[in-house]
Amino acid sequence: MNEQQPKTAPQKYSFEREPAKRVFAAELRETRIHFKDADDEKSPSYVLLPTGERCNRIFAVGTLTEKRKQGDQNLFYRARVVDPTGTFFVMAGSYQPEAMQQMARIEPPSFVAVVGKPSIYETPDGAFLVSVRCESITVVDKDARDHWVLDTAKATLDRLDLDGQTPDSARARAEYQADPAIFRRMVYDALAQMKI
Amino acid sequence: MDYSDTVERVSQKIVSRGHTVDKSRIEQKLKQLVEEFGVPSAEAERTVTNELFREFGITTEVATGAGDQKEINQFQNGEWVTTEGKVVALSSAPSPAIAQTGIFADKSGAIRFVTWSKANAPLMEKNKCYRLESAVVDEFRGVLNLKIHSGTVIKEIESLENIQPDYTPIDDLSPGVGSVKAKVIQEWDSTHERMLQSGLLGDKSGTIKFVIWRDGDVEKLTPGSVYSIFYALVDEYQGRLSLNLNTATVIPEDEDIEVTSGETSFSGAFVHMAPGSGLIKRCPVEGCNRVLSRQNYCPVHEIQPKFVYDLRIKGWLDDGRNARELLIQRENVEKLTGINLDQAQEIAENNPLGMDEVFLRMRDQVLGKYLSCRGREIEHRILVSECAFEAYDPAVLADLLNRAGGDE
Ligand SMILES: [Zn+2]
């Protein structure tokens, strides 16, 4: 039903933290829509994942394959973290000194766990770039990476199973017009690579 | 008119449910309805069947025009129902589109109801009983609601008896409406100006957060006291339940009840290690134990050069849906990081970064890894009693492959 629903009193408290969504690189790359729930500066901003869930933060584990230091006054790192489906473009800048120091100490190739905020840039020629502003990056082992692939496969399938039934899922279906089978295939292919 | 076929059908329905019935009695009833009261024979058949079913205590679904008459615990999403119950709570309407909202209860359960303004329905009064014909059961975020719209017929009826609800163990509560007998085991600082009180309620089975909003003549609960709480709203936010007591009837009980230790379990990725983790210094004054600042300063006992070292990790565990704050104490910190208190002290004393070096080494051991832990929840934070890194489980892979490939 689309009619207005009864609301109970506000339920959100300062001790809560935005969860870090599990999303494969190939899905994050397709993300185009970003929004805020309210106009005030303090309200969190989200991207809408094509499989149908809002996302303020991600947790990803993959292989750091490349890192580059850039900038003069405002030094920052640009890094590529690869999962079974594609590449996360990770940035660590002076606004997150802890992440930058962590990045400085890690040499590719290594398995890394990244916590960060997704952001979408539209280039002047109309292309979209989705990157992850790094909050932390640490070296982990292959076990953690494999664990993450399963975790992310499950989370992605759970989102696909929502099937337009939540407001975010319905919005994603309408805005992206993407075939859910493509993401199901992505999950399958990611899992298939784990078989040895 | 020949009633033998009809009599046979009715009789068969009774006999097939294990009862015996006199066929001449069926015929007599049918005849009376049709010939004396002009009831169409199909309707007469239905009436006699229902009458006999009631007599033999046979329950069955009999369709009526306004939706089946049902008890609240039988409601299903999307159906039209006729139901009888009592208005046990009214709450202030949250928007002009809504004329009235509250809780409707019978002996089987309770449900939130909403009356749309455009329904132009008569407003119901608290503690009165009503028959609602053609109301609609609707689901919102997994919780059933009863919608009263312009086609709903509302009739006040005589007071129903025995609708006092049963208590639900806290651990068995689900979103909707619930009644518990519980003890106030914690009172928390208000985080919102509209909040009168929040804290933790416990019974033998579990604990749950409660909230009372400033609205009308609500009163605070007394920590340590036991209450019977009828018809509270069970809300869900980010997978966690809480009780909103504003709709509830709250009765103080003059007894003590057994309360759980309140342990919860949570698994996820350790996504943030907070400052103040690692090697810390505590105030040595007996009974204080506060964490000292870098300058060895206790907020109560000032400078304490003879501090005591300790280990702890504060941070956030995140399963992708919810993030939970953790406090891990020394024993578990040593287990997770492989660094014990003596080693940590040695690192701090022999390293240019001092205690920061301990923080960094511990962070590198824990951050980004999957952990599962158990502990008591105190003021929104899990005080961890047990925790371990989660191992990769290849058995999950086969299940997920099936799920992902299932639609092909
Ligand atoms: Zn002290």
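The values are calculated or read from the model by the stated rules, or taken from the named source; none is laboratory data. All figures in this text were calculated on a predicted structure; none of them were measured in a lab. Using ideal geometry, Cβ is built from the backbone for each residue, glycine included, and neighbour counts are taken over all protein chains shown.
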Query raised in the report: Does the range B:290-307 hold any residues that are more than 10 Å from the ligand (Cβ to nearest atom) and assigned to a strand (DSSP E or B), and which are they?
Result: B:Ile303
**Report entry** Residues satisfying the stated conditions in the range A:36-66, i.e. under 17 Å from A:Thr85 (Cβ atoms) and not in a strand (DSSP E or B)
**Finding:** A:Pro50, A:Thr51
Report summary line: Among B:Gly320, B:Gly287, B:Gly315, the single one that is more than 13 Å from the ligand (Cβ to nearest atom) and assigned to a loop (DSSP other than H, G, I, E, B) is B:Gly320
Report task. For A:Thr138, state whether it is crowded, with 22+ Cβ neighbours inside 10 Å, farther than 18 Å from A:His34 by Cβ, touching a Lys or Arg at 6+ places or on another chain (Cβ under 6 Å) and facing another protein chain (nearest Cβ under 9 Å). Result -> no
Query raised in the report: Regarding B:Ile347, is this residue in a loop (DSSP other than H, G, I, E, B), more than 12 Å from every other protein chain (Cβ to nearest Cβ), farther than 24 Å from A:Glu16 by Cα and hydrophobic (A, V, I, L, M, F, W, C)?
Result: no
Query raised in the report: Any idea which of B:Leu245, B:Leu241 is away from the ligand (no atom under 16 Å from the Cβ), in contact with a Pro (Cβ under 9 Å, 6 or more places away or on another chain) and not aromatic (Phe, Trp, Tyr)?
Result: B:Leu241
Requested in this report: Return only the number of the condition from (1) under 21 Å from A:Asp143 (Cβ atoms); (2) touching an Asp or Glu at 6+ places or on another chain (Cβ under 8 Å); (3) not aliphatic (A, V, I, L, M) that B:Gly375 does not satisfy.
Outcome: (1)
Query - Search result, residues across the range A:78-96 that are more than 13 Å from A:Pro108 (Cα to Cα) and assigned to a strand (DSSP E or B) - result: A:Asp83, A:Gly86, A:Thr87, A:Phe88, A:Phe89, A:Val90, A:Met91, A:Ala92, A:Gly93
Report task. Could you run through the range A:163-196 and say how many residues are buried (at least 17 other Cβ atoms within 10 Å of the Cβ) and touching a helix residue (DSSP H, G or I) at 6+ places or on another chain (Cβ under 7 Å)? Result -> 10
Query raised in the report: Restricting attention to the range B:314-335, which residues are more than 14 Å from chain A (Cβ to nearest Cβ) and either under 22 Å from the mean Cα position of the chain (by Cα) or surrounded by 19 or more Cβ atoms within 10 Å (Cβ to Cβ) (or both)?
Result: B:Ile328, B:Asn332, B:Val333
Query raised in the report: Can you name the helices (runs of 4 or more DSSP H) wholly within the range A:121-196 that have at least 3 residues being closer than 17 Å to B:Ala395 by Cα?
Result: A:142-162, A:180-192
Query raised in the report: Counting only residues that are at the interface with chain B (Cβ under 9 Å from one of its Cβ atoms) and either basic (Lys, Arg) or in contact (Cβ under 8 Å) with a residue 60 or more places away in the chain (or both), how many does the range A:161-185 have?
Result: 4
Query raised in the report: What residue, among those in the range B:256-303 that are under 25 Å from B:Gln186 (Cβ atoms) and of a type in the set (S, T, N, Q), is nearest to the other protein chains (Cβ to nearest Cβ)?
Result: B:Ser267
Query - Unique residue being away from the ligand (no atom under 16 Å from the Cβ), under 30 Å from A:Arg54 (Cα atoms) and of a type outside the set (Lys, Arg) when the list is B:Ser261, B:Ser277, B:Ser190 - result: B:Ser190
Report task. Read through the list (1) part of a helix (DSSP H, G or I); (2) touching a Cys at 6+ places or on another chain (Cβ under 8 Å); (3) not acidic (Asp, Glu), then give the number of the only condition that B:Val333 fails. Result -> (2)
Report task. Among the numbered conditions (1) in contact (Cβ under 8 Å) with a residue 24 or more places away in the chain; (2) acidic (Asp, Glu); (3) surrounded by fewer than 16 Cβ atoms within 10 Å (Cβ to Cβ), tell me where B:Glu377 comes up short. Result -> (3)
Requested in this report: Evaluate the following for B:Val81: is it buried (at least 16 other Cβ atoms within 10 Å of the Cβ) and more than 13 Å from B:Lys147 (Cα to Cα)?
Outcome: no
Query raised in the report: Among the residues of the range A:67-77, which ones are farther than 14 Å from A:Val114 by Cα and assigned to a strand (DSSP E or B)?
Result: A:Arg68, A:Lys69, A:Gln70, A:Phe76
Query raised in the report: So which residues in the range B:61-102 are modelled with pLDDT under 85 and acidic (Asp, Glu)?
Result: B:Glu61, B:Asp68, B:Glu79
Report task. Name every residue in the range B:102-128 that is without any contact (Cβ under 8 Å) to a residue 40 or more places away in the chain, crowded, with 21+ Cβ neighbours inside 10 Å and under 23 Å from the mean Cα position of the chain (by Cα), in order of residue number. Result -> B:Phe113, B:Val114
**Report entry** Which listed residue is among the small types (Gly, Ala, Ser), within 11 Å of the chain's Cα centre (by Cα), crowded, with 16+ Cβ neighbours inside 10 Å and within 14 Å of another protein chain (Cβ to nearest Cβ), from B:Ala232, B:Ala248
**Finding:** B:Ala232
Query - Restricting the range A:141-154 to residues that are under 13 Å from B:Leu401 (Cα atoms) and not hydroxyl-bearing (Ser, Thr, Tyr), the residue that is farthest from the other protein chains (Cβ to nearest Cβ) - result: A:Val149
**Report entry** So B:Leu326, is it part of a helix (DSSP H, G or I) and either within 16 Å of the ligand (Cβ to nearest atom) or assigned by TED's automatic domain parsing to the domain that holds B:Gly268 (or both)
**Finding:** no
Requested in this report: Assess whether B:Asp310 counts as being of a type in the set (Asp, Glu) and either within 14 Å of chain A (Cβ to nearest Cβ) or within 10 Å of the ligand (Cβ to nearest atom) (or both).
Outcome: no
